[in-house]
Structures are given as structure tokens and as C-alpha cells.
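This report concerns only the one structure given below.
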Amino acid sequence: MKAKVLIVGGGVMGNAIALSAARFFDPLRQPVVLLERSALASGSSGASGAILRQHYADRMIGAMARDSMRAYSSFESRTGRTLGFQRAGVLTLAGPSRPETIERLTRNVDQQTELGIRTQLLDAEGVRALVPNIEVDDGVIAAWEPQGGYVDPTTTVEQFAALARTYGASTRTGVEILSIDVREGRVVGAETTEGHYDVDTIVIVAGAHCRHLLQKLGVEMPLRVARVEQHFFRMPSDDLEDDSGALGETSSWALVDLDDPLVSEGEADPDEAIKGLPHPVILDLEYGFYTRCEANHGRTRVCPINYDPQEIFDEPQAKSAPRPELAERARELLVKRLPYYADEPMVGEQVSWFPLTPDGRAMIGPVPGVEGAFVAAGFADHGFKLAPSVGDGMAQMIAGEPVSAFDLEYFDPARFLDFDQTEDWSGRLYL
Ligand SMILES: Cc1cc2nc3c(=O)[nH]c(=O)nc-3n(C[C@H](O)[C@H](O)[C@H](O)COP(=O)(O)OP(=O)(O)OC[C@H]3O[C@@H](n4cnc5c(N)ncnc54)[C@H](O)[C@@H]3O)c2cc1C
């Protein structure tokens, strides 16, 4: 078997890259092949909140989130395929109990405006008017992104894969990469559970398992994982309108401005944006958690913003049971902000792993010292919203085209060449 481009990993990154790369290469002479050892979206991607927000302190991430938002929100009108995109709006809160969050949020809003991202700064009264029954003190401020929202993670990965196949890529599940053959400093092949591939270019997008695969290339990179728990509470249905359609269907209000949210005319109507859901996505910098409704599952997801520096590992831990005290903490934070969740039962929980780098920036680019090998890793809790940009940039890189999707140097894995591997580090997340 032969692959011009062999992509290792069938998450959102692998499939976004397959979709973009397939457009550059002739499927018969230069096949693009994606191998996934389990099912598509069986890693972090399927467990993801898939929240699409553009509120970041990091300018590069903000710009990529903006460009990717455009790709996500126009996907249905461009391709006729749905990703379950819902423009629920994203409300980022900062408050007086953590004054540094107020300063940060104000700075971020200025930056978003410079980047052409529509954001409105609200005071406490504005927040109360936007989200019924929310508890905010008078000094609270918020950034309201009416164009933000989320997609359905598994549907998105499957649709990227399906579209990539129409461009001639093949996506093969249940196939594991066992080893990678390197000759004279260049990738030449790969051994897999379905046999040998002659390979020209390999792209490692194996999520939390990238470090392990890079070691197969003889390359040691500082990648670790943070353990995080997400909790799910029953989504209150009181505010759902009778005529809002079946739960889980994209209701018509969510289709406003789908073509190009960034250049659409006029002001988005907040009432329009959150109709049919009890509240928008809330990123709470003051209390340290975020939450989104998952109407198709009848539940609301809650996740802490920060991870515990004591809970950083080299690899995901096979057996890691959820901890009751973290569920209690999640409920406490949620109820403090949205008291009507007090009586809602917990309906699920999951343990997940955020891949980290020491400087909090992902690695996207050539693997140092191994010609023909590329990696995209270390996206922590924000990779889903960036996947279209990463896919475009990686495809441009592989095809030898100028990279317009992001700054190559910013994400270059080679910045870690001199990193002291014995150093203890816990990374950081971008907010
Ligand atoms: C709980 C959680 C919530 C999140 N919420 C958000 C959010 O709201 N918004 C956002 O933007 N981001 C979010 N993220 C981050 C985002 O989901 C990830 O950054 C993104 O999904 C990573 O995609 P990936 O394709 O790189 O990795 P993955 O989805 O992990 O895919 C890697 C794949 O590689 C496969 N693989 C591994 N080894 C091999 C091998 N040897 N051979 C073949 N296949 C292999 C695995 O089976 C896996 O399917 C969240 C992440 C988590 C864990």
C-alpha cells in the first residue's frame, strides 16, 4: 500500500487535515490516507464540548478561532452537510472577587474588536437582561459574542471525513500505526495492523498519544496530559418554547447569518440567539468554570477552566475513576451562577486528558530532524474551534505552499529542541 500523505489519528484535527490536503493531491497517484486505530472521533474529539468561541488573550489563537468560526458556520451552506452548528452565543464573565479577570476581559474585548470579531461589553445589568435568573454582583462585566456557539463534535468529525472522501482521501478505522520507518533521516514507510505503507509524508495527529508516536520516530518532545473531569446535569426545560422543534434539531434561530457571520450586517439580537435554550455558553472567569447546554442529550456540561498542576501525566492513565468531590464542586459553581440547577440531577461525568506543551502553545509543523514528518499536538482545551485553520495550514505546509492560515514560527515544534526533558513543568491554558 502507498500513501503520499499518511495521517495518523481520526479526530477533528486528522479529518480537517485530510479534508484540506485531499484538495491538493491527485487521489490515484498521490493518495491521502487517514488511519484511526479505533472509531472516528473516539479520542478527545468525541468527548469535546466543541464550543466555538473567539475570546482569547492570545492574538494568534483569537485570529484562528475567528477564521475557523467562519469555516464552521458556513459549512452547511457550502456543502449541504450539517455539523449541528448552534449559535447559542458565548458570554464570558469577569467579576470583582477576581479583579484581574476584569482587566483581562477588557483587554481581550479590545483585541477582539481589532480582529473584527463582534463582541459587546456588558455590565451586570446587561448580563441580567441577557440571561434570565443569572446571579451576578454589581461589579461583574461580561463579553457577549452573539456569533459564538458550538457544533456537535462526532457529527463534525464524521462530516469532515465524509467530505474528505469525496475529494478522494481514504479514511480507515480500526487500523493502528505500529511503527514508522525512517531511512537516512527521512520517513519512508509505516507498519500498521493492516500491513505496510510506503509513505512520502506522515502527519501525527494522535491527540494525547502524540508523544508516544514521536518517540517511534526517535524524537522526544515535551508533551504531557492534564486530567480533567466534566460533569453533566439535566438541562432545565422550562424555558424551551413549545414550538422550538424537537430537542437536538438545529432550530431556525440558529441559522441566522450562517453564510458569513463575520461580515453580516447589523446587530445580532441576543434574544434571538438564546431562544430555545435556558442560557448561552458561559465562560466564567470569576468562578473558574464553563458551561454549555447539550439539548440533543437533554443535559448541561460543566467543566473547570483550570486543571490541577498535581494532575499532570506523561500519558493518559488507563484507570482513572471520577471523584465525587469534583462533581460536588462543579454543581456548587454552576448553582452559584445559575441557581435553578440546584434541583437538577447529575446525569453523567467523564474523565478526559488535555494535551499540554510547556508554553501552552500547540506544536504544528515539521518534526525536527525527520524529513517528511509533521505533527499537530498540544491543543489542550481549545483544539476543536481551531481545527479548520490547522487543517488548512498543515495542508499548505505539506503541499509546499505558502502558509496563510497561521504563523508557522509561532507553532514551530523546533522551539523545543533545546528543552530540558528532565525539567518538571505543568504548562498553562489559554483563556
Ligand atoms: C473533555 C474535553 C472538552 C473539550 N472542549 C472543547 C471545546 O469546547 N472547544 C474546543 O475548541 N476544544 C475543546 N476541547 C479540545 C479539543 O476537543 C481537542 O483539542 C481536539 O478534539 C483534539 O483533536 P485531535 O484530533 O488532535 O485528537 P483526538 O480527538 O484525541 O484524536 C486522536 C486520535 O488518534 C488516534 N490514535 C492514537 N494513536 C494511534 C495510532 N497509533 N494509530 C492510529 N490512530 C491512533 C486515537 O484513537 C484518536 O481517535 C476539549 C477537549 C476535551 C478532552
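The values are calculated or read from the model by the stated rules, or taken from the named source; none is laboratory data. Every value quoted in this text rests on a predicted model; they were computed, and no experiment measured them. Positions of Cβ are generated from backbone atoms using ideal geometry, with glycine treated the same way; all protein chains shown enter the neighbour counts. Protein only, heavy atoms only, side chains kept; ligands, DNA and RNA dropped before computing areas. Shrake-Rupley method; radii C 1.70, N 1.55, O 1.52, S 1.80 Å.
Brief remarks on what is shown
- Count of segment 338-364 residues which are out of contact with any strand residue (DSSP E or B) (no Cβ under 6 Å at 6 or more places or on another chain), farther than 30 Å from M13 by Cα and open to solvent by less than 20 Å² (accessible area, probe 1.4 Å): 1
- A164 in a helix (DSSP H, G or I), open to solvent by less than 40 Å² (accessible area, probe 1.4 Å), at pLDDT 95 or above and not acidic (D, E): yes
- With respect to the conditions (1) surrounded by fewer than 23 Cβ atoms within 10 Å (Cβ to Cβ); (2) touching a residue at least 60 places away in the same chain (Cβ under 8 Å); (3) more than 16 Å from the ligand (Cβ to nearest atom), P146 lacks only one, and its number is (1).
- Residue list for segment 366-408, filter: among the small types (G, A, S) and either surrounded by fewer than 23 Cβ atoms within 10 Å (Cβ to Cβ) or under 15 Å from K216 (Cα atoms) (or both): G369, G372, A373, A380, A399, G400, S404, A405
- Test: Q421 is outside any loop (DSSP other than H, G, I, E, B), surrounded by fewer than 24 Cβ atoms within 10 Å (Cβ to Cβ) and not small (G, A, S): no
- Test result for A246, open to solvent by 40 Å² or more (accessible area, probe 1.4 Å), small (G, A, S) and modelled with pLDDT under 50: yes
- The condition (being free of Cβ contacts under 8 Å to residues at least 24 places away in the same chain, under 28 Å from D407 (Cα atoms) and either of a type in the set (D, E, K, R) or crowded, with 23+ Cβ neighbours inside 10 Å (or both)) is satisfied by just one residue among R107, R78: R78.
- Odd one out for R37, checked against (1) open to solvent by less than 20 Å² (accessible area, probe 1.4 Å); (2) of a type in the set (D, E, K, R); (3) within 13 Å of the ligand (Cβ to nearest atom): (1)
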